[in-house]
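**Q** Take a look at this one; I'll ask things after.
The values are calculated or read from the model by the stated rules, or taken from the named source; none is laboratory data. Because the structure is predicted, anything quoted here is derived from the model rather than measured. Here the Cβ positions follow ideal geometry from the backbone for every residue, glycine too, while neighbour counts run over all protein chains shown.
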Amino acid sequence: MSQSQDQLKMAAAQSAVALVTDGMVVGLGSGSTAAFAVTELARRVKDGLRVRGVPTSERTATQARAMGIPICSLEEEPSVAMTIDGADQVELGTLNLIKGHGGALLREKIVASVSKKLVIIVHDSKLVSRLGTGEQVPVEVVPFGWQGTAERLSKLGAKPSLRKNSDGEPFHSDGGNYILDCMFDVAVAAATLATEIDHVVGVVEHGFFIGLTSEVHVAGAGGVRVLT
């Protein structure tokens, strides 16, 4: 990751975290961009801001604890005021997303779904006119019979590939599931495809985030702009 991209990620994170007010329960996203938001939130907590964070992954939970952000679970705080997270793609116009390349899509979507506001932070290279263009869609599946699930996804036009670790063993999500990274034909609308994937037996969740985004903070050479 180049220094300029890191600077863009931090600029977007600072813009989003500025929305956090005292007493909020904040969903803490996962991934390299969301990590900048956790860092910025920790800085504000150190300055006296009182918040509780709901992490969307074990990695984020570890970062938040290390930086002094009080964390809680959805059992303790079932309603989240705002979640700040990154995205792999953002579709202009709809603000629909592809997420999950970091492997935390299930928990990310659960937290997003109970949040009053989902704020996405990206640099401008993540914006696309058509969701799925040149981007794989992560699909979290039950390990039992995953080959059959992959075959059913293939019938929807997917080209599924089992995600593996550097040692060649299957990657496991925080929930203990496998992830199939799927390339789809972008001629099919993401919202339609998301509904079809929802009905595939063996699928736990997928990386299409449809109709969940409140606003997107986009960092580019000219600064940060907010899409709503």
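**Q** State whether the residues of the range 116-137 include one that is under 30 Å from CYS72 (Cβ atoms), of a type outside the set (Ser, Thr, Tyr), part of a loop (DSSP other than H, G, I, E, B) and assigned by TED's automatic domain parsing to the domain that holds ALA221.
**A** yes
**Q** With THR39, THR62 as the choices, which residue is among the hydroxyl-bearing types (Ser, Thr, Tyr), farther than 21 Å from GLN7 by Cβ and not in a loop (DSSP other than H, G, I, E, B)? First the steps, then the outcome.
**A** On the way: THR39 fails: farther than 21 Å from GLN7 by Cβ.
Checking each option against the conditions leaves just THR62.
**Q** Might you let me know whether the range 43-51 holds any residue that is among the acidic types (Asp, Glu), touching a Ser or Thr at 6+ places or on another chain (Cβ under 8 Å), assigned by TED's automatic domain parsing to the domain that holds MET24 and modelled with pLDDT of 95 or more?
**A** no
**Q** Here is a follow-up. Mind checking which residues of the range 143-182 are hydroxyl-bearing (Ser, Thr, Tyr) and either closer than 13 Å to VAL201 by Cβ or part of a loop (DSSP other than H, G, I, E, B) (or both)? Spell out the reasoning first.
**A** Taking the range 143-182 and keeping what is hydroxyl-bearing (Ser, Thr, Tyr), we get 149, 154, 161, 166, 173, 178.
Across the range 143-182, the qualifying residues are THR149, SER166, SER173.
**Q** If you go through the range 194-210 one residue at a time, how many are more than 19 Å from VAL111 (Cα to Cα) and among the small types (Gly, Ala, Ser)? Before the answer, list the steps.
**A** Within the range 194-210, the first condition is being more than 19 Å from VAL111 (Cα to Cα), and the residues that meet it are 195-197, 199-202.
From what is left, the residues that are among the small types (Gly, Ala, Ser) are 202.
Within the range 194-210, residues that are more than 19 Å from VAL111 (Cα to Cα) and among the small types (Gly, Ala, Ser) number 1.
**Q** Identify the residue in the range 183-220 that is of a type in the set (Ser, Thr, Tyr) and assigned to a loop (DSSP other than H, G, I, E, B) and, among all such residues, is nearest to LYS117 (Cα to Cα).
**A** Taking the candidates together, the pick is SER214.
**Q** Of the residues that sit in the range 13-58 and are in contact (Cβ under 8 Å) with a residue 60 or more places away in the chain and among the hydroxyl-bearing types (Ser, Thr, Tyr), which one is surrounded by the fewest Cβ atoms within 10 Å (Cβ to Cβ)?
**A** Filtering first and then ranking leaves SER32.
**Q** If you check LYS116 against the conditions, is it surrounded by fewer than 14 Cβ atoms within 10 Å (Cβ to Cβ), within 17 Å of the chain's Cα centre (by Cα) and of a type in the set (Lys, Arg)? Reasoning before the result, please.
**A** Values: surrounded by fewer than 14 Cβ atoms within 10 Å (Cβ to Cβ): yes; within 17 Å of the chain's Cα centre (by Cα): yes; of a type in the set (Lys, Arg): yes.
When the stated conditions are applied, LYS116 passes them.
**Q** From the list PRO170, PRO160, which one is over 30 Å from GLN14 (Cβ atoms), crowded, with 17+ Cβ neighbours inside 10 Å and not hydroxyl-bearing (Ser, Thr, Tyr)?
**A** PRO160
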